[in-house]
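Comments concern the structure below.
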Amino acid sequence: MQFLSKLDPNGCIVLLRLDLDLPQNTVGEFDTTRLEDGLATVEYLWQKHAAAVTIIAHRGHHPQPSPEFSLHPIAELLYSFLLKTPLFAEVTIKQLKAWLTVKENLRFDAREEEGSEAFARELAAGQDMFVNDAFATAHRHHTSIVFLPKVLPTYFGLQFEKEFRQFQRLFAEPARPFLFILGGSKLETKMPLLEEMAKVVDKVLVGGRLAVEASQNTFQYSELLASKMIIAQVTENTLDISPESAQQFAQEIQTARTIVWNGPMGKYEDGEHAAGTKVVGEAVAAATHNGAFSMIGGGDTEAALSVLDLEKPGNFSHISSGGGAMMDYLVHRTLPAIEAVE
């Protein structure tokens with residue numbers, strides 16, 4: 001893989017793909033974690049005297065062109081964050097905007113999700129190189145992920161490189177016991193993932209809506225998965241895992257040396273059904289402090305940790321910027337974005 005950190009982009013005009021699909025809370029405030037993940041790459045390009053940078057990104061799934069899904073407010077947030085950093089302390093907003101441009105939501109053009117070399121060539125016009133720093137969308141076969149590398153020299157940004165190096169720890173010889181925790185919903189779509197993960201982990205803990213679906217026993221499991229899977233019991237209203245299951249999960253986590261977690265244990269966001277997620281989060285944090293390697297992924301999981309005040313330095317070895325990308329990478333050990341470049 002070719003990383004931006006090994007390149008001197010002095011004088012280059014750079015097309016930069018970031019992940020700016022920021023979640024919003026009930027009062028419309030943005031969770032800026034993904035935006036902040038991309039700042040290091042932007043700062044690197046400034047320090048290395050790139051001539052100009054154009055950022056491309058998306059918001060929403062299949063969005064119609066509208067102010068609701070515009071990248072304009074995200075762009076203003078990005079400018080605001082940069083101007084507060086020491087590197088840009090003496091830079092005016094006018095100077096910054098002359099150097100750094102943010103294009104409108106890629107998904108306003110249907111060709112982004114369809115995959116179009118013609119659209120890729122339009123995006124690439126006038127650019128010297130493409131930098132992909134959007135790990136969270138690296139599992140998509142979209143124009144900005146797999147077609148731009150056909151028409152521009154392509155490198156991976158600093159956040160993408162960070163993700164890559166953390167995943168290599170899991171792909172090498174992960175410490176045992178290796179524990180996989182999966183929450184959220186839509187068991188049918190996640191069954192292939194569970195089956196594949198059962199081949200490499202020692203135990204699989206299933207919570208969230210998945211536990212409700214799994215307990216209904218409408219799916220056929222392989223003997224291997226059945227031998228490793230522990231399905232949580234849920235509360236009477238099915239909005240959280242039971243206290244007993246939360247404690248059982250915590251005990252399993254205590255003995256684990258490698259932990260991968262994707263998906264909250266309940267409807268944490270309503271403030272009334274966060275107990276299961278909190279117990280699991282605290283247990284993973286304690287295991288990490290005791291030397292276990294822990295990887296957390298998925299926007300909902302990261303948001304839950306933030307709400308529960310668990311997203312603190314040292315609590316988790318790595319919080320991945322992508323949920324779906326993380327799962328695909330773990331199963332296939334590659335991603336469309338990586339394949340497109342290689």
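The values are calculated or read from the model by the stated rules, or taken from the named source; none is laboratory data. All of these numbers come straight from a predicted model, not from anything done at the bench. As a convention, Cβ positions derive from the backbone with ideal geometry for all residues, glycine included, and neighbour counts pool all protein chains shown.
Go through the residues of the stretch 31-49 one by one and say whether even a single one is assigned to a strand (DSSP E or B) and in contact with an Asp or Glu (Cβ under 9 Å, 6 or more places away or on another chain).
no
Can you tell me which residue in the stretch 252-291 is surrounded by the fewest Cβ atoms within 10 Å (Cβ to Cβ), limited to those that are under 15 Å from GLY183 (Cα atoms) and of a type in the set (S, T, N, Q)?
Step by step, filter the stretch 252-291, then rank; the result is ASN262.
Can you tell me which of (1) within 26 Å of ARG333 (Cβ to Cβ); (2) modelled with pLDDT under 95; (3) in a helix (DSSP H, G or I) is the one ALA211 doesn't meet?
Every condition holds for ALA211 apart from (1).
Which of the residues spanning the stretch 122-146 are assigned to a helix (DSSP H, G or I), farther than 18 Å from GLN159 by Cα and polar (S, T, N, Q)?
Within the stretch 122-146, THR143 is the sole residue that qualifies.
Mind listing whichever residues of the stretch 105-147 are under 28 Å from GLY297 (Cβ atoms), without any contact (Cβ under 8 Å) to a residue 60 or more places away in the chain and surrounded by fewer than 20 Cβ atoms within 10 Å (Cβ to Cβ)?
Within the stretch 105-147, PHE108, GLU113, GLU114, GLY115 meet the criteria.
I'm trying to understand the selection: among the residues of the stretch 298-331, which are farther than 19 Å from GLN159 by Cα and not in a helix (DSSP H, G or I)?
Of everything in the stretch 298-331, those that are farther than 19 Å from GLN159 by Cα and not in a helix (DSSP H, G or I) turn out to be LEU308, ASP309, LEU310, ASN315.
Quick check on my filter: what residues within the stretch 149-168 are outside any helix (DSSP H, G or I) and of a type in the set (A, V, I, L, M, F, W, C)? Full working, then the answer.
Taking the stretch 149-168 and keeping what is outside any helix (DSSP H, G or I), we get 152-157.
The answer is LEU152, PHE156.
Could you run through the stretch 217-251 and say how many residues are surrounded by fewer than 18 Cβ atoms within 10 Å (Cβ to Cβ) and either at positive phi or among the acidic types (Asp, Glu) (or both)?
5
Select from the stretch 285-307 the residues that are farther than 19 Å from ALA138 by Cβ and either in contact (Cβ under 8 Å) with a residue 60 or more places away in the chain or assigned by TED's automatic domain parsing to the domain that holds PHE135 (or both) and list them in ascending order.
If the condition is that a residue be farther than 19 Å from ALA138 by Cβ and either in contact (Cβ under 8 Å) with a residue 60 or more places away in the chain or assigned by TED's automatic domain parsing to the domain that holds PHE135 (or both), then ALA292, PHE293, ALA303, SER306 are the ones that fit.
Kindly check whether there is at least one residue in the stretch 141-157 that is assigned by TED's automatic domain parsing to the domain that holds PRO63, of a type in the set (S, T, N, Q), over 18 Å from ALA50 (Cα atoms) and touching a strand residue (DSSP E or B) at 6+ places or on another chain (Cβ under 7 Å).
There is at least one residue in the stretch 141-157 that is assigned by TED's automatic domain parsing to the domain that holds PRO63, of a type in the set (S, T, N, Q), over 18 Å from ALA50 (Cα atoms) and touching a strand residue (DSSP E or B) at 6+ places or on another chain (Cβ under 7 Å).
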